[in-house]
Amino acid sequence: MSHSSTSGLDGTVSSISNVETTSDTAQLINTEDASTSNYTQLNKSVNFEDSDDEEFHGSHGVRRRQAQQKIEPGSMNVLSAKYESLDYDTCENHLLLDEERKRGYPFVVWKDIARWFIILLIGIATALIAFTIDICIEEFSKIKYRELKKSVDKYVVQDRLYIPYLLWVLSNICIVFIGSMLVAYVEPVAAGSGIPQVKCYLNGLKVPRVVRFKTLVVKTVGVITAVVGGLAGGKEGPMIHSGAVVAAGISQGKSTTFNKDFKVFQYFREDHEKRDFVSAGAAAGVSAAFGAPIGGVLFSLEEGTSFWNQALTWRTFFGTVVSTFTLNCALSAYHGRPGELSYPGLLNLGKMEPFPFQFYELPVFMFFGAVGGLLGALWNHINYRLTVFRIKYIGSPWLRVVEACLVAAASATCGFLMMFLLNDCRPLGEDPTKVPLQLFCADGEYNALAAIWFQTPEASVRSFLHDPIGSYKPWSLLAFVISYFLLSSWTFGLSVSSGLFIPNLLTGAAWGRLLAIMIQYMLPSNTINPAKYALVGAAAQLGGVVRMTISLTVIIIETTGQISNALPIIITLVVAKWVGDFFNEGIYDIHIQLAAVPLLPWEPPPLAHNIYASEVMSHPVFTLRTVENVGHIVELLKLVSYNGFPVVDPPLADDVEVTTYKRLRGLILRSQLIVLIQNKIYNENANTTWSNFNVDMNMFRKEYPRFPSIDELNLADWEKTCTIDLRPFMNPSPYTLPHRASLPRMFRLFRALGLRHLPIVNDVNEVVGMVTRKDIARYRVWRHRGHMGMEELILSSE
Ligand code: ATP
């Protein structure tokens, strides 16, 4: 066995070895045969066994070769190494134990009260943001459409309708331009609804800048401009992201954007605490968006949070109730009915009547579900293709702004053409539209399509749900469905902040109504209730796109205020999900896969019990000794980018060259090492510059979450000869598994406990390998048109 001397860290970094070491290791843990047979069973996207051996040299063998792969635009079988994990595991080091001992039970009670108080603040703040967004959208839209109506009324008689058309296009472009510039140049992570990013965060991944204050500001302005700018987008999705940012900000008592530490809630500056608050914030966002407190809790449970417990359910529910209540108070007061509490959420679908349904209608609901599933899958596919095109050809920010403006112009053009070409007239007074446009209709009538386009998409959903039968001609509905379906698919993923809930509800409500007309035509003896089918169509379309079931059912029930409509909606959503899943993934998962995020699914891949830790792990492992030399630590941190290092027994004086593995003593994080060096907690300085009494957990919390990088530390030469005793700071009891543990067992540890690092040990507790989330997430199940298999993804350095 040969050891490379590349790092100069021999002795501290356990055996930086080459290929020979790799095969040696396999023999040592005696699983080589098993591994070969497993690999042949996998439907691998890359055949590692065919790889050129020369590329295996160095510390990482296969993994290094993988890390050099570049992400092909549109590739769905790559994981990016740039995403780091959150750490849900508590580091039970001496400092924490000291803190617990000193503070005792009063501190536990105090912390609990603080948690509830923070949730209260999160609920209120989320609701106030929702209120601001709602009022701005309503007021600006009112001005915009009033002016446009005036212009149409003026120029239609002069036969110069191109003037209001140009005005419409121009106003859309100008408004969207502002939001798009902000997103493209100030904070790109604020684009879209933010739900995929929040989902990743709750799954245990750090998505850079996703919960920053700057992101919140850009998101808020962005969503206002997107909706007022006439794009086929909604404000509901972004509310979920906003709630998450509010939660992350308030619970930490500091702002990274402003570099301001309010010196409160320091004890919540840990990944697992922060993530619990973010779950509650996202739920509060859903609650404010839809006026659906239970839907909010279920959304966090179904879509996001990987780690859930009863206490979190209670707190999250409290947050959602506070959020919807605060928004209700504020909106009711704004609309001149203080105390009436009739505006629970941003999305107000209007109170629906309970619709009676017959047994024989169940197949009809299933049919609606199937149509929703098919259309949803098509919508997702179109959006996927567009996203790949964007990744390939619309890379620079200014091009993204141009595209957003183009879509804004296209939206106005679609609306105008439909109003102009389809003269769908309706008598005035039947529709509560605020801006009835006469256009070419007779006196006392107004253009039904103009009414749909000259209001916010949310108001249009209401129109489709509540307008009486016969309000729209079938051709108008068909034209609207086609244009809005394409526009909304084009809009999602643009460099603007907007969601997809409302546009899909709108498209679904329109084709639901269209199908209702067709059913009425086929069964003239029955009186069909168009509202019923519009609602079921809306649910089916949205369910087909996002593939949510439980939370979406509850959200729709809470938004429409009718529990008795639950069964048709459940049937529709379940069928929509089944049909859609047959063709592709839900839209959020597609975007997550396109971003190469190592998200852990709910379940481990099936038939994977014969894949062993010894095949999944990285080895040899970079380790540190219990008492380590500062120079070595700095060198190691500069050499590799890993975030966790097993701490092992120092070698006996005479076995440096002989023993390959060292006994595990604990695990230490890169961030902890950096803070220790930054504060010069060297053994040589003990009792002069620091002592055990003034080193506590706050030293680490002060820097959380943005720890300095190793290159930012300026070290004098003398410091490099000093040593640090890592024992009081490391996690002395990290979760470990033996090398013969199976993939599902490792998966469950990562998924259920939210681990970041899992050292693999041999029979005598010596570190033989390291497994992280990316090693586990690499094994992924694929399903396509009834077929199923497992693929091994490529780890990319990008
Ligand atoms: P994260 O990025 O999730 O915060 P990390 O940066 O420590 O964790 P990863 O980026 O997930 O680690 O690791 C990339 C690869 O490096 C994985 O295959 C993992 O097994 C391996 N690896 C991680 N830490 C070590 C280590 N100390 N020694 C050797 N290999 C490691």
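The values are calculated or read from the model by the stated rules, or taken from the named source; none is laboratory data. Because the structure is a prediction, the values reported are computed rather than measured. All Cβ positions, even for glycine, are placed from backbone atoms using ideal geometry, and neighbour counts span all protein chains on display. In case anyone asks, the SASA skips ligands and DNA or RNA and just uses the protein heavy atoms, side chains included. Shrake-Rupley method; radii C 1.70, N 1.55, O 1.52, S 1.80 Å.
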Residue match in region 568-576 (condition: within 14 Å of the ligand (Cβ to nearest atom) and polar (S, T, N, Q)): no
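Yes/no per residue for (1) open to solvent by less than 30 Å² (accessible area, probe 1.4 Å); (2) within 16 Å of the ligand (Cβ to nearest atom); (3) in a helix (DSSP H, G or I); (4) among the basic types (K, R):
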{"site": "C91", "(1), (2), (3), (4)": "no, yes, no, no"}
{"site": "K102", "(1), (2), (3), (4)": "no, no, yes, yes"}
{"site": "I113", "(1), (2), (3), (4)": "no, no, yes, no"}
{"site": "W116", "(1), (2), (3), (4)": "no, no, yes, no"}
{"site": "I122", "(1), (2), (3), (4)": "yes, no, yes, no"}
{"site": "L128", "(1), (2), (3), (4)": "no, no, yes, no"}
{"site": "I135", "(1), (2), (3), (4)": "yes, no, yes, no"}
{"site": "V152", "(1), (2), (3), (4)": "yes, no, yes, no"}
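Looking for something outside any helix (DSSP H, G or I), within 16 Å of the ligand (Cβ to nearest atom) and either under 21 Å from T90 (Cβ atoms) or of a type in the set (S, T, N, Q) (or both) - is there at least one such residue anywhere in region 739-751? So that I can check it myself, show each step before the final result.
Just the residues of region 739-751 that are outside any helix (DSSP H, G or I), to begin with: 739-742.
Applying the additional criterion that residues be within 16 Å of the ligand (Cβ to nearest atom) yields 739, 741.
Applying the additional criterion that residues be either under 21 Å from T90 (Cβ atoms) or of a type in the set (S, T, N, Q) (or both) yields none.
Within region 739-751, not a single residue is outside any helix (DSSP H, G or I), within 16 Å of the ligand (Cβ to nearest atom) and either under 21 Å from T90 (Cβ atoms) or of a type in the set (S, T, N, Q) (or both).
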Residues of region 77-88 satisfying the condition of being surrounded by fewer than 19 Cβ atoms within 10 Å (Cβ to Cβ) and more than 12 Å from the ligand (Cβ to nearest atom): N77
Any hit, region 761-775, residues being open to solvent by less than 50 Å² (accessible area, probe 1.4 Å) and touching an Asp or Glu at 6+ places or on another chain (Cβ under 7 Å): no
In region 594-611, the residues that are open to solvent by less than 10 Å² (accessible area, probe 1.4 Å) and of a type in the set (A, V, I, L, M): A596, L600, A608, I611
Qualifying position, being buried (at least 18 other Cβ atoms within 10 Å of the Cβ), among the charged types (D, E, K, R) and over 20 Å from L505 (Cβ atoms), among R400, R385: R400
Residue match in region 261-268 (condition: surrounded by 21 or more Cβ atoms within 10 Å (Cβ to Cβ), part of a helix (DSSP H, G or I) and in contact (Cβ under 8 Å) with a residue 12 or more places away in the chain): yes
Every residue from region 481-496 that is touching a Ser or Thr at 6+ places or on another chain (Cβ under 8 Å) and at negative phi: V481, Y484, F485, L487, S488, T491, F492, L494, S495, V496
Unmet requirement for F501, which otherwise passes all of (1) open to solvent by 10 Å² or more (accessible area, probe 1.4 Å); (2) in contact with an Asp or Glu (Cβ under 9 Å, 6 or more places away or on another chain); (3) aromatic (F, W, Y): (1)
Subset of region 557-586 (residues that are within 25 Å of P293 (Cβ to Cβ), open to solvent by less than 10 Å² (accessible area, probe 1.4 Å) and either in a helix (DSSP H, G or I) or among the aromatic types (F, W, Y) (or both)): T560, N565, P568, I569, T572, L573, A576
Hits in region 757-767 (condition: more than 11 Å from the ligand (Cβ to nearest atom) and among the β-branched types (V, I, T)): V761, V764
Flag if V245 is in a helix (DSSP H, G or I), over 19 Å from K111 (Cβ atoms) and in contact (Cβ under 8 Å) with a residue 60 or more places away in the chain: no
Residues (among the basic types (K, R) and over 26 Å from the mean Cα position of the chain (by Cα)) located in region 699-755: K702, K720, R727, R740
Scope region 769-790; condition touching a helix residue (DSSP H, G or I) at 6+ places or on another chain (Cβ under 8 Å), in a strand (DSSP E or B) and within 11 Å of the ligand (Cβ to nearest atom); matching residues: G769, V771
Selection count where residues are in contact (Cβ under 8 Å) with a residue 60 or more places away in the chain and of a type in the set (G, A, S), scope region 559-573: 2
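Hey, could you check region 332-368 for residues that are among the hydrophobic types (A, V, I, L, M, F, W, C) and open to solvent by less than 20 Å² (accessible area, probe 1.4 Å) and say which is farthest from the chain's Cα centre (by Cα)? Spell out the reasoning first.
Kept after step one, since they are among the hydrophobic types (A, V, I, L, M, F, W, C), are these residues of region 332-368: 333, 341, 346-347, 349, 352, 355, 357, 359, 362, 364-368.
Retained after the next criterion (residues that are open to solvent by less than 20 Å² (accessible area, probe 1.4 Å)): 346-347, 349, 352, 355, 365, 368.
Working: L346: 21, L347: 21, L349: 26, M352: 32, F355: 35, F365: 31, F368: 28 Å.
Per the stated criteria, the residue is F355.
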Filtered residues of region 592-647 (kept if within 11 Å of the ligand (Cβ to nearest atom), β-branched (V, I, T) and touching a Lys or Arg at 6+ places or on another chain (Cβ under 9 Å)): V616, T623, V647
Selection within region 461-478 - at pLDDT below 90 and exposed (fewer than 14 other Cβ atoms within 10 Å of the Cβ): P468, G470
Which numbered condition G754 fails, given (1) within 19 Å of Y612 (Cα to Cα); (2) within 13 Å of the ligand (Cβ to nearest atom): (1)
Cross-chain or 6+ apart pairs with Cβ under 6 Å, region 616-632 first and small (G, A, S), then at pLDDT below 95 and within 14 Å of the ligand (Cβ to nearest atom): S618/R63
Matching entry among K199, K235 (being under 22 Å from L755 (Cα atoms), buried (at least 20 other Cβ atoms within 10 Å of the Cβ) and touching a residue at least 40 places away in the same chain (Cβ under 8 Å)): K199
